[in-house]
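The values are calculated or read from the model by the stated rules, or taken from the named source; none is laboratory data. Being a predicted model, the structure only gives us computed values, none of them experimental. Cβ sites come from the backbone with ideal geometry, for glycine too, and all protein chains shown count toward neighbours. Side chains included, ligands, DNA and RNA excluded: accessible areas come from the protein's heavy atoms. Shrake-Rupley method; radii C 1.70, N 1.55, O 1.52, S 1.80 Å.
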Amino acid sequence: MNQGAIFQPRRLGHVNLVVADLQRSIDFYRDVCGLNLEFTESGLRAAFMGTGHTPHDVGMMERTSEARQGRDGHTQIAKGTARAIKLNHIAWEMDTEAELVRAYERARAAGIAVPRTLDHQIAHSVYLKDPDGNTNEFYADTIKDWRAVLHGDVELITSTWKPGSEAPATDRRWSAEPDRRPVPGAVMQPLRLSHVVLTTTSLAPMEAFYTEVAGLEMVARSERGILLRASGHPTAYQLAIIQGDVAGMHHYSFDVAGATDLDAAAGRLRSLGCLTGAPAARSLTAVDPDGFLVEFAQAGEADLARLEDALSAA
């Protein structure tokens with residue numbers, strides 16, 4: 001854990017995407033990627049899917065040029081902000097709500113802009129932007145049995161939250177023994193969300209943000225990029241930032257079991273038209289209906305050279 005940082009998350013929680021067609025994306029992430037549909041929020045045109053470790057590994061929201069309102073009538077999506085297919089945010093899980101509130105207070109004291117703080121019923125969240133404009137959510141679970149609250153299609157769930165307005169919970173409400181629910185027949189059977197790869201045109205400010213503010217630990221570096229991790233996540237790293245010509249998300253990755261037959265999976269992906277590139281020795285990459293790249297890799301040590309090779313070939 002990066003003790004001197006503003007936030008000190010325990011693990012990578014999820015990625016959230018803006019997609020063109022919500023049902024088309026649900027079908028892909030269930031039948032191809034093997035993510036269970038945990039719940040939908042039809043009033044927001046959103047769906048939440050995962051491996052069971054958290055309420056969702058992938059959240060998705062259908063694009064719109066209009067504003068969409070949250071539970072208490074506040075503007076959850078401002079007009080025009082979700083008109084493009086894009087990464088909406090990356091989320092990092094804090095150990096407790098009390099840790100989240102203390103981090104929020106440190107951010108405010110340091111003069112860091114905090115655009116919004118929200119109550120999602122099962123979690124409280126603080127949102128910040130990195131130097132490239134990528135939104136990061138720092139959240140703490142407020143309910144341990146989240147499936148008892150959110151399942152099926154739910155009413156609007158998000159409202160505003162004022163950190164510290166009530167005494168924050170000091171106990172851990174994330175599950176140490178998650179109830180995983182694999183999808184029978186899916187092409188892939190992921191174990192967990194592993195990492196996100198961002199590209200940037202200016203590495204130094206991004207490194208400073210993700211170590212000094214986001215609180216990730218340095219794992220490895222080269223002239224072209226860095227690998228970072230949160231202390232409680234089981235994979236070797238959770239964020240790679242690589243110098244490139246444009247800023248944005250290159251891909252995100254799931255761990256799969258070491259015994260996974262990647263050749264057979266690649267054949268199925270190829271037949272569906274969603275395999276991109278040639279499968280590597282320990283990984284393969286699918287492309288979703290909106291062009292997002294989703295890697296599936298057998299668990300192993302971080303390899304920055306492999307990442308750089310993949311990005312150079314992209």
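Quick notes
- Cα gyration tensor, the range 1-51 - rounded (a/c under 1.5), prolate or oblate: prolate
- Prolate/oblate/rounded label for the range 43-111 (Cα gyration tensor, a/c 1.5): oblate
- Taking every DSSP helix (H) stretch of at least 4 residues in the chain, weighting each as -39,500 (n - 2.57) and dividing the sum by the residue count yields a mean residue ellipticity at 222 nm of -4500 deg cm²/dmol.
- Beta bridge orientation in the chain: antiparallel %, DSSP, nearest 5: 70
- Among residues other than Glu207 with Cβ under 14 Å from its Cβ, the summed charge is -2 (Lys and Arg +1, Asp and Glu -1).
- Cβ-Cβ distance of His151 and Met218, R₀ of 41 Å, FRET efficiency by 1/(1 + (r/R0)^6): the value works out to about 0.60.
- Electrostatic tally near Thr142: other residues with Cβ closer than 15 Å to its Cβ, Lys and Arg +1, Asp and Glu -1, net -4.
- Solvent exposure of the range 68-126 amounts to 43 Å² per residue of accessible area, where only protein heavy atoms count and the probe is 1.4 Å.
- For the range 196-309, a crude dipole built from +1 on the beta carbon of Lys and Arg and -1 on the beta carbon of Asp and Glu, taken about the Cα centre, is about 140 debye to the nearest 20.
- Each of Ile242, Asn88, Val287 was placed along the dipole of the chain (beta-carbon charges, centred on the mean Cα), and the one lying farthest toward the positive end is Asn88.
- Size of electric dipole in the range 199-249: Cβ of Lys, Arg +1 and of Asp, Glu -1, about Cα centre, debye, nearest 20: 120
- As a calculated quantity, the FRET efficiency between Asp171 and Arg108 at R0 = 25 Å, using C-beta atoms, amounts to about 0.55.
- Mean sequence separation of contacting Cα pairs (under 8 Å, at least six apart), scaled by the length of the chain, corresponds to a relative contact order of 20 percent.
- The DSSP beta bridges internal to the range 78-186 are antiparallel in roughly 75% of cases.
- A straight Cα-to-Cα reach below 24 Å connects Lys144 with the lysines Lys162, residues fewer than 8 places away in its own chain not being considered.
- Using C-alpha pairs below 8 Å separated by at least 6 residues, the relative contact order for the range 41-167 is 27 percent.
- Extreme residue, positive dipole direction of the range 1-155, given options Ser65, Phe39, Gln76 (C-beta unit charges): Ser65
- Set of lysines near Lys86 by C-alpha distance (under 17 Å), chain-local residues within fewer than 8 positions excluded: Lys129
- Think of each Lys and Arg Cβ as +1 and each Asp and Glu Cβ as -1; about the Cα centre, that makes the dipole of the range 167-211 roughly 160 debye.
- The order of the peptides 46-53, 252-259 by mean Cβ neighbours within 10 Å, most packed first, is 46-53, 252-259.
- Projected label points at Arg116 and Ala78, each 7 Å from Cα along the beta carbon direction, are separated by 0.9 nanometres.
- Shape call, the range 119-233: gyration tensor on alpha carbons, a/c limit 1.5: oblate
- Most mobile listed residue (Ile242, Ile90, Ile112) in the chain, GNM with C-alpha springs under 10 Å: Ile112
- Considering only Ala113, Pro205, Thr135, the residue lying farthest towards the positive end of the dipole of the range 94-251 is Pro205, judged by Cα position with unit charges set on Cβ.
- For mean projected area of the Cα convex hull in nm², calculated from these coordinates, the label among [x] 30.8; [y] 16.6; [z] 15.2: [z]
- Accessible surface of the chain, 1.4 Å probe: 48 percent of it comes from carbon and sulfur atoms.
- With a simple spin-label model that places each label point 7 Å from the Cα along the Cα-to-Cβ direction, the separation between Ser65 and Ser42 comes to 2.6 nm.
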